[in-house]
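Enquirer: Just dropping this structure here.
No lab work stands behind these numbers, since they all come straight from the coordinates. Since we're looking at a predicted model, the values are computed, not measured. Positions of Cβ are backbone-derived with ideal geometry, glycine not excepted, and every protein chain shown enters the neighbour counts.
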Amino acid sequence: MNDKIVFFDIDGTLVNDEKKIPDSTKESIAQLKKNGVHVAIATGRGPFMFEPIREELEVDSFVSFNGSYVVFKDEVIHKTPLSREAILKIEEEADKAGHPLVYLDHERATSNADNHEIIKNCTFNLMPSYPVFHPGFYKENEVYQVLLFCQEQHEHVYRDGYKGTFDFIRWHENALDILPTGGSKAKGIQAFMNQMNMKPENVYAFGDALNDIEMLTAAGTGIAMGNGLKEAKDAADYITKSVDEDGIYHGLKHFGLI
């Protein structure tokens, strides 16, 4: 059965509201691997932000940064860093407006603002510690995502100025993700399919949120969690039970994968 692969989102899919992986999910993924099916995580987070989950589930393949950094069996197979020139321009505008930035590569988070209260408030649940103060980090390193800290009334300046270069996704009243235009988990899945010479019908994906929709559509079989958003359910081929009702187990069982 090693001609199949299953992708799992993290929050609301592998992990419940208490940030725990249900035992049934752990057991199901272990069985999936025993059956020779490839297992991968697909997330908007950077690799360093979900390393404990990978270790707990013993998973060495993943789509991170919503498709911008893709790893198969611990080897990078696709990456799309942000343009240094474009980051420099956005940094100059953000500096003038007093909007701090955080830069993310595959290993760490750094910031151009030291001990900034808004960054602290927005990221304490996402990162183990405050980003390292390192202005100009992007000039020396590949950066896959930038966090821009500003309120909604100010974001149009950035959106209008960088159409075709960056996508802006608001995830907090004071914060947005900056990603390469057109990036998605689906692009990461395509990188796996190219690497493994795999057909869509052998690809399965579990998700629950808006940034899972393209992935659920791109996979041969998209499975939405019972606790998922309506839009994710509408995009899926099948709706399983919620994460806390053993949804991963039931979804895998339904398709004969375990």
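Enquirer: Would you calculate the volume per residue, in Å³, of the smallest convex hull containing every Cα atom of the stretch 145-257? Intermediate results must be reported in sequence, preceding the final value.
Expert: Working: hull volume 13.6 nm³, N = 113.
Residue-normalised Cα hull volume stands at 120 Å³.
Enquirer: Against the longest principal axis of the chain, how steep is helix 185-196, in degrees 0 to 90 to the nearest 10, with axes from Cα atoms?
Expert: 60
Enquirer: Once the convex hull of the C-alpha atoms of the stretch 108-163 is built, how many Å³ does it hold per residue, rounded to a whole number?
Expert: Numbers: hull volume 6.0 nm³, N = 56.
Once divided by residue count, the hull of the stretch 108-163 is 108 Å³.
Enquirer: Largest first, please: the extent of the C-alpha atoms of the chain along each principal axis, to the nearest Å.
Expert: Ordered largest first, the chain gives principal extents of 56, 36, 32 Å.
Enquirer: Further, regarding this structure: At 0.36 nm per residue, minus the direct Cα-Cα distance, what do Lys26 and Trp171 gain on full extension? Give it in nm, one decimal, please. Please report the intermediate quantities before stating the final value.
Expert: On the way: separation 145, 0.36 × 145 = 52.20 nm, distance 2.82 nm.
Full extension from Lys26 to Trp171 adds 49.4 nm.
Enquirer: How would you order 19-31, 175-187, 113-125, 225-237 from highest to lowest mean count of nearby Cβ atoms within 10 Å? Working shown, then result.
Expert: Values: 19-31: 16.4, 175-187: 20.4, 113-125: 14.5, 225-237: 18.8.
In descending order of packing, they fall as 175-187, 225-237, 19-31, 113-125.
Enquirer: To the nearest 20 debye, what is the magnitude of the charge dipole of the chain about its Cα centre, counting +1 on the Cβ of each Lys and Arg and -1 on the Cβ of each Asp and Glu? Don't jump to the answer; show the numbers that get you there.
Expert: Details: 26 positive and 41 negative charges, 114 e Å.
Once rounded to the nearest 20, the dipole reads 540 debye.
Enquirer: Calculate the tail of P(r) for the stretch 84-180: the fraction of all Cα-Cα distances greater than 21 Å, expressed in %. The partial results should precede the final answer.
Expert: Details: 1075 of 4656 pairs.
Value for the stretch 84-180: 23 percent of Cα pairs lie more than 21 Å apart.
Enquirer: Take every Cα pair under 8 Å in the stretch 84-180 that's 6+ residues apart, average their separations, divide by the length, and report that relative contact order as a whole percent.
Expert: Working: 137 pairs, mean separation 26.4, N = 97.
Relative contact order, the stretch 84-180: 27 percent.
Enquirer: If you average 1/r over all unlike Cα pairs in the stretch 34-119 and invert the result, what Kirkwood radius do you get in angstrom? List each step's numbers first, then the result.
Expert: Values: mean 1/r = 0.0673 Å⁻¹.
Here the Kirkwood hydrodynamic radius works out to 14.9 Å.
Enquirer: Between Lys73 and Asn121, what is 0.36 nm times their sequence separation minus the Cα-Cα distance? Round to one decimal in nm.
Expert: Fully extending the segment from Lys73 to Asn121 adds 13.8 nm.
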